[in-house]
Structures are given as C-alpha cells and as structure tokens.
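The values are calculated or read from the model by the stated rules, or taken from the named source; none is laboratory data. Because the structure is predicted, anything quoted here is derived from the model rather than measured. No Cβ is skipped: glycine too gets one built from the backbone with ideal geometry, and neighbour counts run over all protein chains shown. Quick note on the areas: whole protein, heavy atoms, side chains included, nothing else; ligands and nucleic acids left out. Shrake-Rupley method; radii C 1.70, N 1.55, O 1.52, S 1.80 Å.
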Amino acid sequence: MSPAPRRRSVLLATAAVTAAATAPAGAATPVRHRASGPLVIGHRGAAGWRPEHTADAYTYAVRAGADWIEPDLVPTKDHVLVVRHENEIGGTTDVAGRPEFADRRTTRTVDGRAVTGWFTEDFHLRELRTLRTVERLPLVRNRNTVFDGRGRVMTFQEVIDLARRLSGESGRRIAVFPETKHPTYFRSIGLPLEEELIRVIRRNRLTARECVVQSFEPSSLHRIAAARLGLPLWQALGTSGSPYGHAVTYKDMMSPAGLREIASYAQWIGPDKSSLVPPHTLLADAHAAGLKVGAYTFRAENQYLPAAYRRGTAPNDFGDAFAEYAFHYGQGVDAVVTDFPDIAVQAREGLRG
C-alpha cells in the first residue's frame, strides 16, 4: 500500500504532542466540541501518555478530545468490577513489591493458557485499594514511569462517575466503552462479569449515548443483549484463531455471512486495523451488513506502525502516525481506538482541510 499524503510535518506534530504530554495535568485547554468525522476512543484512557486505566489517563484522553474512554473489566474476589487490562496485575501495579501479598502469587489457567502472577479475583476490593498503578510497558514508554505510584486501581463505577464529571467539564457527552475480559473464564470460577455489569448499567441508568459494551466473546454479548438494556454492542475481532470457548473462527466472523450474523445482535465490529487494509474488503462488507466499524489499536511508535509510516530504525521512536490515521479516515472507518487520542483528534481535524 502506498502511504497517504502527509498533511503536516511529523517533527512539528510530534513536538506539539510531546509538549502537551509534559505539561502539568489539567494545563491544556479541554476540547469543548466534537469534530465531525470518526469517533476517537481513548484506549484504556490515553495509554501512550499515562499509565493505562488510571484517572490521569482517562482525564488526559477526554481533555485531548476523545469521545469515548475504554475500561477493561475484571472482577475482585468480592465480585466488584475493576478496570485492568488483565486480571493478572503484576505488571500494572506495585503488588510484586508488597510483602503482605507475596503469598498471593500463583499460577492460573486463563483461556487455556498458564499465567503466573497476582490476580484480581484473589483480592477483595479493600485490598486492591492499597495498591498503586505502574506503567505496563516501561521499556517502550519510559516517560510514563514518572507517574508510577501516583494512581490506584479504579472500579467501573468510578470510571462512570469520572466520565460524567468530564462530560460536564468539556460540554460533550463522554461515553464509557467497557470490555468484558475473559468472560468464559470468570463464569467458570463463579464470578460472571455480565450480571454485575448489567447491574451497574441499570443502577446508573446508562443510555446508548453513554455506554457501548464490547467483547471478543459472542456469548458474552448475547448475555448482555438478553438483558434488553438498549445499549449498542461491539463485537471485537482478532486476526486469527477463534474467540475463547467458541467454535467459529474470526475469519468466518469477518465473512459476509459472519457479518450478517453479528448484525443480528451487535451494531459495531472492532477489527485489528490491519484487517482493513486492501485487498481486504472487511470495511465495505461490514457497512453493507449495516455494521459500524471501529479499528484498533492505533499507536505512534514505529514498532506499531506499518513499515511505510516508520521513521528511522528505533522501535520506540515516533513514526508518521498522522499518515496512518489519514489513510484509515480516508477509507471510511467509523471510529479509531487509540493510545494517543490527541494525535487522532488532530488528524481528524485535518479532514476539514
């Protein structure tokens, strides 16, 4: 594929983003209007600039112009939904350095894979409250480690409350975009995600403008659909294999027939961005089935960019992220899921030019 036309100097754009990232929290003027064009979804907040799933990351994302913020949901031992990328928290909190929890380190089989570490399902919420968050990718995003120890594990309820507060601050309706993580696994150990998620949604009276639920596992979305909450559902799609516990493959799900089946229970699909690059016809096929398409995950570092958009050879240096957004926006995606919502918003503003 040939690169999309570059709309601005990458050096200038990167400098602007770096300046925003290093400014004190809250120093930037919040974005107070939603531009036309694809939705921008802050992946775990603004994971490129702050440790993921923290209040700082979500706040940064919204102030940068994100329309939705994404919390990944896992349960505690007392069945409270908290937001972590995985239920194993050794790499996203300081638990490994906490001697009082040394005996909690164990090995569990999650979705058929042995994982060793510390797991949210072995902690009560009051115990998780004592932990502090850290950057998950310190070798990639060393700059984020300055924020290690400053945040704490949030509940889903706290993310909802924060989104509503930020909606008032920004004058925009900010939606939460929860993902049910490993739902089959959690059902197997007596901590089903769906019933608690449904309870929280109902308690907060979340509307279709305030919440969209996503999962890689169709069975999880079917359980949500059965509750008749009136919320949009988003079927996330991998690049190979099958959703855990399901016979259907992602390849079959992305066929025209598979997309029609998804459209019977969901309104969105969320494929990896690579699945939307020609000669793939997934974007057009999904739109033909009446589905909206949100691509994941957009990042700025060379190692996460297609070769045509890399700049230099250092894997953690920024490449031409603007060009990648321009390409996908030009193809007609309905949303992008991004670690750098500020760059995505600036690229979206470039559509007006």
- line: GNM of the chain, Cα pairs under 10 angstrom: of Glu261, Glu70, Glu210, the biggest fluctuation goes to Glu261
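Loop-only trypsin sites (Lys or Arg not before Pro) in the range 29-80, please: DSSP not H, G, I, E or B, and at most 12 other Cβ atoms within 10 Å.
Arg32
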query: About its Cα centre, how strong a charge dipole does the chain have in debye, to the nearest 20, once Lys and Arg get +1 and Asp and Glu get -1 at the Cβ?
result: 800 debye
field: Spin-label zone in the range 60-80 - amide nitrogen under 15 Å from a point set 7 Å from the Cα of Gln267 along the C-beta vector
entry: 68
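Once neighbouring chains are kept in place and the probe is 1.4 Å, which whole percent of the accessible area of the range 66-197 is contributed by carbon and sulfur? Walk me through the numbers on the way to the answer.
Details: 2540 of 5210 Å².
That fraction is 49 percent.
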- request: Would you calculate a helix-derived [θ] at 222 nm for the chain, using -39,500 (n - 2.57) for each DSSP H run of n ≥ 4 and dividing by the full residue count, to the nearest 500?
  value: -8500 deg cm²/dmol
Eligible lysines near Lys292 by straight Cα distance, threshold 20 Å, same-chain separation 8 or greater: Lys251, Lys273
message: If a paramagnetic tag sat 7 Å from the Cα of Arg113 along the Cα-Cβ line, which residues of the range 230-269 would have the backbone N under 14 Å from that point?
response: 238-245
task: Read through the labelled values (i) 59, 50, 36; (ii) 54, 48, 40; (iii) 94, 49, 41 and report the label of the one computed as Cα extents along the principal axes in Å from the structure.
output: (ii)
field: 20 Å Cα-Cα reach of Lys77 towards lysines, excluding residues that sit fewer than 8 places from it in its own chain
entry: Lys181
DSSP-defined beta bridges in the chain - what % are antiparallel, rounded to 5: 30 percent
statement: In Å², rounded to a whole number, the accessible area per residue of the chain with probe 1.4 Å is 41 Å²
field: In Å², nearest 10: area of Tyr296 left accessible to a 1.4 Å probe
entry: 50 Å²
message: Which one, Thr107, Thr54, Thr92, has the greatest fluctuation when you compute a Gaussian network model over the chain with C-alpha springs under 10 angstrom?
response: Thr107
